[in-house]
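Accompanying notes for the structure given below.
The values are calculated or read from the model by the stated rules, or taken from the named source; none is laboratory data. Treat the numbers as computed from the prediction; the structure is a model and nothing was measured. Positions of Cβ are backbone-derived with ideal geometry, glycine not excepted, and every protein chain shown enters the neighbour counts. Accessible surface is based on the protein model in full, side chains and every heavy atom, while ligands, DNA and RNA are left aside. Shrake-Rupley method; radii C 1.70, N 1.55, O 1.52, S 1.80 Å.
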Amino acid sequence: MNVNDFKNKYIPSEFLEFNPRLYAFIIMLIVGLSAFLIFPVKEISGYIDPFYSPTIFILPFVGLYRLTCYAYRKDYNRHIFKHPIGCDLKNRLDSMKRTYTGETSGLFKIENLHRYFLYVSILIVPFFYYDFYTSLFINNIFVFRLGSVLLLVNAIFITLYVLSCHSLRSLIGGRKDCYSCMSYGAGIKNLYDKQSWLNKHHEQLAWISLVFIIFVDLYLRGLTAGMPLDITFLKL
Amino acid sequence: MTNKKVKFKIYRKDPKISNDYRYDEFDVPMEEGMVVLDGVNYIVEHYDSTISVRWNCKAARCGSCAAEINGYPKLMCKTRVEQMGDVITVNPMKAFPLVKDLVTDVSINFEIDKKIPEFTPKNMGKKPWTIYDIDVNRAQEFRKCIECFLCQDTCHVVRDHNTKYIGPRHVIKAAALDMHPMDVLDRSESLTKDMGLGYCNVTKCCEEVCPEHIKITDNAIIPEKERAADNMYDPIMMLIKKLKNKSNRDKK
Ligand code: SF4
Ligand code: SF4
């Protein structure tokens, strides 16, 4: 296979076009990841940084969960790759001149495996609640602090984000055609409808949970730097 | 009635005569509650009866008056003039061949429709079939489609790229059949292999312009992509399906 064949087969044309938005995104990613590795804040006064929970090595899977998420797909296909940037027909920045293979070839085929990253994400969710729980005790003394509230809210947002996933929607009932023909069909349809309601908010939850986890990370970095950001509500 | 006037710019082209196009401008008196189709009809009646425009029900039910209004795919009969500013530019849908002025030939959609494997019921035996609400209420959403083809017009894959993707309107048709409790087929694999489903990058313009507010991407395209993943990409699911089919065959 020569270089051109390799390029055509594995590298979607989006990565080969001149695209400052893509370069900015890649730079942000590199800066962010280097910050995690060069300045780790695994733990500070009983709080575990959610990015390091249970281990920083899980980050690539969580990253892939977000990268293959249908909500973010919409956002980066629009705002990074401009395929198209919006539905207003004058300012879409997509055109016949641009090569386009969508999710049919190369790297983008990985979108089809979103469910596997979902499975990993589901396994990780309990760790966030465990971190909240352990943050409530310092030397066996119960303390209730602002940092714990943030960890709990973070855990809840991530849970809602993961549970509103489109792949989960298919898994718990979307792929079924006849509920009345199955045992527990009514219950399954009920669960599917409830999850579908949550799924309507998947995009908001994706962004809220991302912004919040970054906020918690920055908060814990602030504490590590000695900033007086924590408040103790209760100590027993 | 106010004295306010709105400027309409109407796209004019007759491909049978020439490939040139132009915009004709008209001042139309504004009336309360007026929609863009009222403005166009006013122009046809009072200024220029040679403008071609297609419409039928004027109630957003027939889907005939689809156009691009100020660069956005919309039904002329459902778009309020007062919400569109002082200058309203009306273009035909660009994704389809032009017949004349604002009229396009959307017949390609009826050809595409034929590619979708038709309803194939389990047993033609006992009729009438009893069908339960919990089994059909998902697909009922898709029945709201009025075939205006605005979603096809806005889809960047259909409009800008020469692929085999059949487009959002047709995926909802396939999804409605796939989700039917009596239907035995699974169209997701042929949608992916032969009808280009993988070209859709879930950017949701179709959902954004649909006058019936059908959640095309969330409720039809993504479920079909997930079913296709079950059949073609997910090794565990493929194995489970294989074993299930085998045990079903053995039972028989
Ligand atoms: S979501 Fe898919 S079908 Fe809908 S407009 Fe975008 S690319 Fe086309
Ligand atoms: S799905 Fe919506 S936009 Fe597309 S043809 Fe039907 S009614 Fe029109």
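Computed values, structure above
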| quantity | calculated |
| --- | --- |
| Where B:ILE216 falls short, out of the listed (1) more than 8 Å from chain A (Cβ to nearest Cβ); (2) free of Cβ contacts under 8 Å to residues at least 12 places away in the same chain; (3) closer than 27 Å to A:TYR119 by Cα | (2) |
| Residues of region B:180-194 satisfying the condition of being open to solvent by 10 Å² or more (accessible area, probe 1.4 Å) and either assigned to a loop (DSSP other than H, G, I, E, B) or within 16 Å of ligand 2 (Cβ to nearest atom) (or both) | B:HIS180, B:MET182, B:VAL184, B:LEU185, B:ASP186, B:ASP194 |
| Residue tally, condition open to solvent by less than 10 Å² (accessible area, probe 1.4 Å), within 9 Å of ligand 2 (Cβ to nearest atom) and not in a loop (DSSP other than H, G, I, E, B), over region B:150-169 | 5 |
| Verdict on B:GLU82 being in a helix (DSSP H, G or I) and not polar (S, T, N, Q) | yes |
| Pick from region B:198-250, criterion aliphatic (A, V, I, L, M) and within 23 Å of B:HIS161 (Cα to Cα), ranking: farthest from ligand 1 (Cβ to nearest atom) | B:ALA228 |
| Region B:1-24: number of residues that are closer than 16 Å to B:GLU68 by Cα and either part of a loop (DSSP other than H, G, I, E, B) or of a type in the set (Asp, Glu) (or both) | 3 |
| Matching option when the condition is open to solvent by 30 Å² or more (accessible area, probe 1.4 Å), modelled with pLDDT of 90 or more and more than 11 Å from chain B (Cβ to nearest Cβ), among A:TYR129, A:TYR119 | A:TYR129 |
| Whichever residue in region B:132-149 is in contact (Cβ under 8 Å) with a residue 40 or more places away in the chain and more than 16 Å from ligand 2 (Cβ to nearest atom) and, among such residues, is farthest from the other protein chains (Cβ to nearest Cβ) | B:VAL136 |
| Conditions (1) touching a Leu at 6+ places or on another chain (Cβ under 7 Å); (2) in contact (Cβ under 8 Å) with a residue 60 or more places away in the chain; (3) open to solvent by 50 Å² or more (accessible area, probe 1.4 Å); number of the one not met by A:LEU163 | (2) |
| Leading residue by the ranking (nearest to ligand 1 (Cβ to nearest atom)) among those in region B:105-146 that are surrounded by 17 or more Cβ atoms within 10 Å (Cβ to Cβ) and acidic (Asp, Glu) | B:GLU141 |
| Flag for B:ILE172 being open to solvent by less than 30 Å² (accessible area, probe 1.4 Å) and away from chain A (no Cβ under 13 Å) | yes |
| Residue in region A:80-94 that is modelled with pLDDT under 90, more than 20 Å from A:TYR219 (Cα to Cα) and more than 9 Å from chain B (Cβ to nearest Cβ) present | yes |
